[in-house]
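First the structure, in the form of structure tokens, and then the observations on it.
The values are calculated or read from the model by the stated rules, or taken from the named source; none is laboratory data. As the structure is a computational prediction, the values presented were derived from the model and not from experiment. Cβ atoms come from the backbone with ideal geometry, glycine included; neighbour counts cover every protein chain shown. Only protein heavy atoms, including side chains, enter the accessible area calculation; ligands, DNA and RNA are left aside. Shrake-Rupley method; radii C 1.70, N 1.55, O 1.52, S 1.80 Å.
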Amino acid sequence: MPLLDWYRRNRARSAALFDLLDDDAYYGRPIALRQPVVFYEGHLPAFSFNTLVKRGLGRPGIDARLEALFARGIDPEETAASAQAAANSRWPTREEVKSFAAEADAQVVDALAHGDIDQPNHPLLNRSEAALCILEHEVMHQETLLYMWHQIPHAQKRKPSGYVPHVDGTSPAQAWVHVPDGIATLGVAAWSEPFTWDNERPAWTTPVAEFRIERHNVTNERYMEFVDAGGYADERWWQPKDWAWLRATGITHPMFWTYQRGQWLWRGMFELIPLPAAWPVYVSHAEASAYARWKGCRLPTEAEFQRAAYGTRNGHAQRYPWGDMPPASRHGLFDFASWDPAPAGTHPDGASAWGVEDLIGNGWEWTSTVFGPFPGFEPLPSYPEYSADFFDGEHFVMKGASPATARELLRPSFRNWFRPRYPYVYATFRCVDDGADTRRA
Ligand SMILES: [Fe+2]
């Protein structure tokens, strides 16, 4: 019963994440344009119940008001009116949420254990689509929860015993890696994986000209050079909307940094620590792009990322950057292995065929590609708004994985996307340039 086991694993992990918080954080809204914490404790079981039990199997509801209240999150930068409406809605007590969640859970468990959840001619149940959709939905939310938790004051969180951030190490020497002309594989054929989201389909390939890419992510130490050079005060490096955002917010450094008593610190999940030089810098797309422009390079396209991560000299596209072996801790930092990043250079065993490291893990990687449908896109019947609502030209593709990305999502076709000025995500970057042989490092 692997799907039931996966569901139970998910529920246990979600419960552990909520247990990190003190009760006084429960109705707080750590990120202004996200829902408060209470919403997510109801949303996860509500989505699973609504999608699999109610819509999929056609069984009756539990509580129409709570099912509607917990139906859907909001996207950052949605209108102030919708945020205000969410802020004004009345939230149930935690006991009410837990009792609703317990009932929804029981029904989902029953469906996964005994329901006819794989029905070839059913639009939502074909190849267990609804069941797999709710399982991936929950693990994706767990990452979202963690970056929200990151914004909650340390005094309202309980550090797991024995947790010590991995801060040692100096910033590795940056090196440029040459990737020759070739083919990038994007997307995936609908049924070549047990489950894929609509935006990953179908499979297609595209030629990619040679380029050079940095072996490591841009670290805090490297990014500090841009900050120290006055990068945040120089309009030349910023897109007009990004520059307006800086002016409006007064932002002068990455959101994960803070400057106190003459020292730069990292705002870790559970404590402030002296800024780890070798950790990948976590920044918004706007900040990553500005750094790249200042450096005289650019962010990779999605196709370049795919080629750097999965391409090989013989033209075969690998399952993972390191080959076809299942992901293990020596390959990279993912699957909730840490509450914070690790130094760049920690996972040479995860290097791609070209020698590029950390393409999976230690932080999502910004690309310059605007999120959009692949040719032949069709919305997923069990969650039709999942991608289509974001094909608005206002979101950029991120690839790879962060420390808080579940192992189930580490497939080459998986795509993530965010607005360019959303600074909360565990997202880093590396630069590319056009890489003619004469400039090879
Ligand atoms: Fe959701």
Discussion item. What does DSSP give for the chain in terms of the percent of beta bridges that are antiparallel, rounded to the nearest 5?
Written reply: 95 percent
Worksheet item: Going by alpha carbons, how many degrees (0 to 90, nearest 10) lie between the helix axis of 129-149 and the longest principal axis of the chain?
Response: 60 degrees
Worksheet item: In terms of Cα to Cα distance under 13 Å, which aspartates and glutamates are near enough to K159, apart from those fewer than 8 places away along the same chain?
Response: D19, D22, E271, D340
Worksheet, complete the sentence: Taking only Cα atoms of segment 271-395, the Rg to Rh ratio with Kirkwood Rh works out at 0.99
Discussion item. Could you report the chain's accessible area per residue, 1.4 Å probe, as an integer in Å²?
Written reply: 40 Å²
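Given N residues in the chain, what is Rg(Cα) / (2.2 N^0.38 Å)? Show your work: numbers first, answer last.
Numbers: Rg = 21.7 Å, N = 441, 2.2 N^0.38 = 22.2 Å.
Ratio of Rg to 2.2 N^0.38 Å for the chain: 0.98.
Sorting R59, R430 by accessible area (1.4 Å probe), largest first, what list results?
On the way: R59 80, R430 0 Å².
Descending accessible area places them as R59, R430.
With a cut-off of 8 Å between alpha carbons and a minimum separation of six or more residues, what is the relative contact order of segment 318-441 in percent? Let's see the in-between values first.
Numbers: 197 pairs, mean separation 34.7, N = 124.
Reported as a whole number, the value is 28 percent.
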Response to the item:
Rounded to the nearest Å, the spacing of the alpha-carbon centers of segment 290-359 and segment 2-78 is 31 Å
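Please state the relative contact order of the chain as a whole percent: Cα pairs under 8 Å, 6+ residues apart?
Details: 813 pairs, mean separation 80.2, N = 441.
After rounding, I find 18 percent.
For segment 106-180, what percent of Cα pairs sit more than 21 Å apart?
Working: 1717 of 2775 pairs.
The answer is 62 percent, as a whole percent.
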Practice prompt. From zero up to wherever the largest Cα-Cα distance of segment 346-441 sits, split into 5 Å bins and tell me the percent of pairs in each.
Written response: 2, 11, 18, 21, 19, 13, 9, 4, 1, 0, 0
Worksheet item: Which is farthest toward the positive dipole end of the chain among A102, V177, G187, measuring Cα position about the Cα centre, with Cβ charges +1 (Lys, Arg) and -1 (Asp, Glu)?
Response: V177
Worksheet item: What is the diffusion coefficient of segment 152-210 in µm²/s, taking the Kirkwood radius over Cα pairs and the Stokes-Einstein relation at 20 °C with a viscosity of 1.002 mPa s?
Response: 126 µm²/s
Discussion item. For D358, what accessible surface area do you get with a 1.4 Å probe? Give it in Å², rounded to 10.
Written reply: 10 Å²
Worksheet item: Stretch R13-Y259 to full length: gain in nm at 0.36 nm per residue minus the Cα-Cα span?
Response: 85.2 nm
Fill in: aspartates and glutamates whose Cα lies under 12 Å from that of K54, excluding same-chain neighbours fewer than 8 positions away
D63, E67
Worksheet entry | Cα-centred dipole magnitude for the chain, charges only on beta-carbon of K, R (+1) and D, E (-1), debye, nearest 20 | 480 debye
Fill in: Proximal aspartates and glutamates to K241, defined as alpha-carbon separation beneath 14 angstrom and excluding residues fewer than eight positions away on the same chain
E77, E287, E394
Worksheet item: Relative to the longest principal axis of the chain, what angle (0 to 90°, nearest 10) does the C-alpha long axis of helix 240-249 take?
Response: 70 degrees
Discussion item. What is the ratio of the Cα radius of gyration of segment 315-362 to 2.2 N^0.38 Å, with N the residue count, to two decimals?
Written reply: 1.11
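Of all the accessible heavy-atom surface of the chain, with the other protein chains kept in place and a 1.4 Å probe, what percent is carbon and sulfur? List each step's numbers first, then the result.
Working: 9270 of 17510 Å².
That fraction is 53 percent.
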Item to complete: With a 4.7 Å Cβ cut-off, tell me which Cys residues in the chain come up empty for a partner.
Response: C133
